[in-house]
Structure formats: structure tokens, C-alpha cells
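Presented below is the structure to which this report refers.
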Amino acid sequence: MRKFSLSFLFALMLFSMFAIAASAQGELYNPENGEITPGVVGDNIENANDTAEGIDVNDGSTAKTVKKNLTGHNVHTSYQNNTNSCASCHQTHTSQGDQLLFADTVYNTCTACHDGTLGYLNVFADGKNAKTTGAGTFGGTHGGSQHMANDSIKIGAAPGGNPVETSKTKGTMWGESFNCASCHAPHGSYSDRLLQYNPNGIGSMPASQGGLQLENVPVVDTLTGQTAPVVLLRTEDTTTGTVTVAQYNKGTSGYTKSTAPWLYGYDNRTNGLTYWSRLVKADGTIAAYGSTAGVYFSYDHAEAYSTTAAGAAALKTADKGFIARPVVVEMAKDGHNTIQSAYWSGADISKFEGKTAQELTDLGYKVSATNVVTNVGVQMSKFCAACHTDYLQANADGKKSHFGNETAAYRHSTNSDSYTCVRCHFGHGTDAYIMKDSLGRTINDLVTNNIMNETEALNYMQDNNASSALKKFTNMSVCWACHNSSHAETIKNAERRADHPSGMPAGN
């Protein structure tokens with residue numbers, strides 16, 4: 001009996017020790033108040049990290065796990081070792097979207113921050129607060145219209161686009177849903193405002209099909225005697241054995257090395273992978289592309305070079321190249337504000353954030369001897385025309401469609417700085433409060449100068465049409481912004497007065 005009692009007592013002591021240990025292991029530390037809460041392992045305790053709480057909140061409230069702003073951290077590009085910014089948009093194990101997005105769509109993910117809660121670039125600012133020096137607003141309510149960037153339409157629905165082609169063909173994306181990422185590249189871009197570097201696949205589409213990819217660019221070993229506008233010069237460092245293939249463009253004073261970047265990536269075709277930027281042999285087979293062993297493609301420097309003897313041998317077999325170039329839109333800016341007038345009158349090169357004349361020229365801009373940069377509006381129009389293809393027209397094109405078909409439509413010229421998409425339209429959307437009348441006045445101007453009260457000014461400025469078509473000027477005042485002189489000499493403008501501005505007011 002005594003032996004049983006001692007054994008039972010010992011067992012009871014062991015059980016008590018394990019119970020204490022289990023209780024200690026179950027203690028929870030609350031970082032909000034510093035208190036320790038007892039718990040037992042195995043109990044249904046609250047997740048201390050709040051994982052997945054509030055991940056789909058987009059109603060203006062503060063979600064626990066959605067960090068919208070990390071001081072000193074870059075959210076969209078130039079990430080550093082100390083960043084946690086990836087988690088601002090992505091959830092590794094608890095995402096709602098198919099790209100590990102914390103919200104269920106691209107639109108909801110982007111607008112979780114750009115709805116004004118972040119405090120920077122509120123794309124839903126109402127007309128009274130929206131900037132006329134930006135892309136307009138998705139928050140317009142008075143006679144406004146917006147780009148439908150919420151996955152509710154396909155890219156093929158773009159006016160002047162290609163509604164027939166509804167599948168991914170030759171790199172284009174007509175059948176894809178239209179959302180924020182159709183125009184913007186959240187992880188980084190060569191353009192200002194993170195504009196998409198390959199909108200609708202136009203950057204990687206062959207030039208023969210209306211894209212920007214350079215086809216059959218000759219690989220040469222000397223520039224002497226060359227006449228092609230673009231060549232790929234192959235050089236070899238005899239000391240290290242490194243072979244380099246770099247793009248050179250022909251100008252008035254000879255060839256200069258290109259500073260324009262190349263695109264990386266590939267089209268996932270049923271018959272294999274076709275890399276956008278690649279070097280090929282004379283028989284058309286691949287000599288080198290971005291994943292070729294021993295070859296490094298320096299896309300930002302428009303060149304490829306060998307890192308091994310095998311890589312050097314591969315580059316020596318290259319006969320021509322197919323070079324996909326990103327769409328690059330540089331904006332003349334004054335601080336954070338875009339200088340809108342630069343799109344039709346040019347701007348000093350100092351307004352392009354350190355870009356050299358050579359860099360801008362390689363990207364398609366024109367730089368005068370006095371450092372005035374033009375072709376700014378043309379580049380923006382080319383960006384818009386990635387989807388609105390038929391709208392990039394010259395007067396001489398007549399009824400010609402971008403796809404080579406004759407149409408019944410004559411179109412306004414848009415391929416010069418004088419006539420460019422953003423001269424007449426906002427990129428996001430418009431509102432009566434940010435539109436102007438034919439004299440360049442806003443509702444605020446009319447009210448401030450005691451010309452009308454706010455109700456009268458609002459009724460006066462609202463567009464007559466059901467859709468104001470993203471216009472910067474109400475109704476057909478957008479026409480009078482340009483046609484106010486000899487260009488409209490046979491048309492009587494009842495509002496023409498001595499104080500009528502000459503063209504669109506500068507800076508707006």
C-alpha cells in the first residue's frame with residue numbers, strides 16, 4: 001500500500017510539472033499593452049499576428065494587416081533591404097487575388113491606397129479638389145466621365161481599337177480585362193507616373209504589325225560603311241575575351257550608342273517561348289536571349305555581353321537581332337505637377353529630371369540647339385494609341401486604319417505636339433469643376449470673379465452629352481481652345497473677345 005502511494009505521489013508531481021510548463025508555453029504576449037495573458041497549449045486562442053484580418057477591407061476603414069504607408073519605404077520600386085512594402089499589396093498565404101493580391105482585384109488593391117487614405121495621388125478627388133495639372137479624376141460626379149479601369153470591360157472595347165481580336169495573339173491583349181495595370185506598372189517603369197512600359201503588348205509587338213519591336217537588326221563587327229538606321233555592334237575585349245553586342249543608332253554625325261532600354265520577357269506561345277529581345281543566327285535559330293547560359297542581357301543599357309567562353313561563342317554566332325523597346329513617356333514637370341503646355345509648346349530640358357539630350361533623343365523626343373524638348377505630346381499619343389490604335393492619325397492618312405483597312409471615318413490629326421490626345425482629354429476622368437469653357441475659365445474662376453454663383457456656373461459648365469468623353473473643356477469648347485484664329489476664319493465664334501486666350505492656357 002505504501003509503495004503504491006509513493007508511486008502515485010511521484011506521478012502526481014510529474015503531472016503537475018508538465019501542467020505548469022504547458023501553462024507557461026501557452027502564455028501570450030500582447031504588444032499593444034505589454035501584458036502577458038495565460039493560456040494553455042491546444043486551446044482555441046486568438047491569432048497573435050492577426051493574420052488575414054481585414055485583408056479585403058476597402059471601405060476607408062483601417063485594416064490591421066494592410067500597411068498603407070511605411071515611412072521612408074518605397075512602395076512601387078527601388079526596394080531596399082529594410083522594406084516591408086511588398087506586403088502593402090501582396091499576402092503570401094492569405095491573398096484574395098490570383099496574383100497574391102490582398103484584395104480580390106487589381107482595381108481594389110490599387111484603390112485601397114489611392115482613394116485618399118494614403119494622402120498622395122488621390123485618384124478619386126472630387127472635381128473641386130482634383131488637379132487640372134494631372135490625369136483628372138475617377139471621382140467626378142458633375143457631368144463627368146471616367147476610364148472604366150475596374151475590370152468591367154475588355155481592352156478591346158477601347159474606341160478606335162480592335163474589338164474583333166479577343167485573344168492573346170502576337171503579344172497583344174485585346175481580350176484582357178481593362179484595369180489600373182493596363183496603364184500603370186506597379187513594380188516600376190521607365191516612364192513617369194509608373195506608366196506601363198508595354199501597354200497592350202505594343203512594345204514587344206513587331207514593327208511590321210504596328211508595334212515597337214525592331215526586326216532583323218543587323219549584327220555588325222564594324223560601323224564603317226554601315227547605312228542601316230539601327231545596328232548591333234559586336235566588339236571583343238582581347239584581354240578578357242568578353243564579347244559585347246550593343247545597339248547603335250545612326251544620326252546626322254554618325255553612329256552613337258543607344259541609351260534607350262530594351263524590354264525583357266517573352267510571349268507564352270503554344271509552340272514554345274519567344275523572347276521579346278533576342279539575337280538569332282543566320283538560319284533564324286536562337287543565338288542568345290535573356291536566359292542563355294553565359295550571356296547577360298543588360299536591358300537598361302541596350303546591350304548583351306558574355307560572362308563565359310561559351311557565352312562569347314554564342315554571341316559570335318549572332319547575325320541579327322529582334323529588339324523590343326519599352327514605351328517611355330517622359331513628362332516635363334514643375335515639382336510634382338506636370339507642365340501640360342509642354343505637350344504642344346515644348347519645355348526646357350531641365351524640366352525632365354536629369355535626362356540628357358542623348359537619352360531623350362534615343363527615346364523619340366526632339367531636342368533643339370537651345371535645349372527645348374518637343375515631340376512630348378507625340379510620345380503620349382503613342383501611349384494612348386496602344387489601345388486606341390486608329391486614333392493616332394495624320395491628316396494625310398485620310399480613312400486609313402491602324403490595321404491597314406480603309407474605314408468610313410476621317411479622324412482628327414493627333415500625331416503632332418499641336419494636336420495630341422492629352423491636349424483635349426484627361427487620362428483618368430473629368431468633372432464639370434475641372435473642365436474649362438471656351439475662354440479657359442473654370443467654375444471657380446466664374447464664382448471668384450462674381451460672374452456667376454456656383455449653381456449657375458455648374459449648370460453652365462456641365463457637358464450636354466451623356467458622356468463628357470474625358471474632355472478638359474466642356475462641350476465643344478475643346479475645339480475653340482485651338483480654333484480661335486485663322487484656323488476658324490470662316491466660323492463665327494460668338495464668344496471671341498480681346499481677352500480670349502491663344503490656344504489652351506499654359507500650364508493647365
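The values are calculated or read from the model by the stated rules, or taken from the named source; none is laboratory data. Remember, predicted model here, so these are calculated numbers, not experimental data. All Cβ positions, even for glycine, are placed from backbone atoms using ideal geometry, and neighbour counts span all protein chains on display.
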>> Condition first: touching a residue at least 12 places away in the same chain (Cβ under 8 Å) and either β-branched (V, I, T) or at positive phi (or both). Now tell me which residues in the range 394-428 satisfy that.
In response: G398, T407, T414, T420, V422
> Which residues, counting only those in the range 121-148, are within 17 Å of the chain's Cα centre (by Cα), under 26 Å from A332 (Cβ atoms) and in a loop (DSSP other than H, G, I, E, B)?
Replying inline: L121, N122, V123, G134, A135, T137, F138, H147
>> Please go through the range 210-223 and give me each residue that is crowded, with 16+ Cβ neighbours inside 10 Å and either over 22 Å from D283 (Cα atoms) or at pLDDT below 90 (or both), ordered by number.
In response: G210, G211, L212
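Per-residue answers, yes or no, for (1) part of a strand (DSSP E or B); (2) under 29 Å from the mean Cα position of the chain (by Cα); (3) β-branched (V, I, T):
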| site | (1), (2), (3) |
| --- | --- |
| T227 | no, no, yes |
| G241 | no, no, no |
| L273 | yes, yes, no |
| A287 | yes, no, no |
| G290 | no, yes, no |
>> Quick check on this structure: which one of N198, N179 is in contact with a strand residue (DSSP E or B) (Cβ under 6 Å, 6 or more places away or on another chain), of a type in the set (S, T, N, Q), surrounded by 20 or more Cβ atoms within 10 Å (Cβ to Cβ) and not assigned by TED's automatic domain parsing to the domain that holds D445?
In response: N179
> Which ones in the range 241-278 are closer than 22 Å to A357 by Cβ and either aromatic (F, W, Y) or surrounded by 16 or more Cβ atoms within 10 Å (Cβ to Cβ) (or both)?
Replying inline: A246, Q247, Y248, N249, Y255, S258, T259, A260, P261, W262
> Condition test on A309, is it among the aliphatic types (A, V, I, L, M), in contact (Cβ under 8 Å) with a residue 40 or more places away in the chain and touching a strand residue (DSSP E or B) at 6+ places or on another chain (Cβ under 8 Å)?
Replying inline: no
> Taking into account only those residues within the range 467-493 that are assigned to a loop (DSSP other than H, G, I, E, B) and either of a type in the set (F, W, Y) or modelled with pLDDT of 85 or more (or both), which is farthest from F138 (Cα to Cα)?
Replying inline: M476
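Each row is one residue, and each column tells you yes or no for (1) among the small types (G, A, S); (2) surrounded by fewer than 17 Cβ atoms within 10 Å (Cβ to Cβ); (3) under 30 Å from K472 (Cβ atoms).
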residue: D300; (1), (2), (3): no, yes, no
residue: A309; (1), (2), (3): yes, yes, no
residue: K316; (1), (2), (3): no, yes, no
residue: F322; (1), (2), (3): no, no, no
residue: S341; (1), (2), (3): yes, no, yes
residue: I349; (1), (2), (3): no, no, yes
residue: L363; (1), (2), (3): no, no, yes
residue: A369; (1), (2), (3): yes, yes, no
> Does N162 count as polar (S, T, N, Q) and buried (at least 18 other Cβ atoms within 10 Å of the Cβ)?
Replying inline: yes
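Each row is one residue, and each column tells you yes or no for (1) free of Cβ contacts under 8 Å to residues at least 12 places away in the same chain; (2) touching a Lys or Arg at 6+ places or on another chain (Cβ under 8 Å).
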residue	(1), (2)
F178	no, yes
A181	no, no
H184	no, yes
Q196	no, no
N200	no, no
S208	yes, no
L212	no, yes
V217	no, yes
T224	yes, no
> Is it true that some residue in the range 315-338 is in a helix (DSSP H, G or I), touching a residue at least 40 places away in the same chain (Cβ under 8 Å), over 14 Å from W262 (Cα atoms) and of a type outside the set (D, E, K, R)?
Replying inline: yes
> Residues of the range 141-165 being at pLDDT 85 or above and charged (D, E, K, R), which ones?
Replying inline: D151, K154
> Can you name the residue in the range 102-118 that is within 18 Å of S85 (Cβ to Cβ) and among the small types (G, A, S) and, of all such residues, is nearest to the chain's Cα centre (by Cα)?
Replying inline: A112
>> With the requirement that a residue be loosely packed, with under 13 Cβ neighbours inside 10 Å and either closer than 23 Å to F322 by Cβ or in contact with a helix residue (DSSP H, G or I) (Cβ under 7 Å, 6 or more places away or on another chain) (or both), what does the range 224-240 give you?
In response: T227, P229
> What tally of residues in the range 279-293 results from selecting those that are of a type outside the set (V, I, T) and surrounded by 17 or more Cβ atoms within 10 Å (Cβ to Cβ)?
Replying inline: 5
>> For the list (1) more than 20 Å from P159 (Cβ to Cβ); (2) in contact with a strand residue (DSSP E or B) (Cβ under 6 Å, 6 or more places away or on another chain), I need the number of the one condition that G429 fails.
In response: (1)
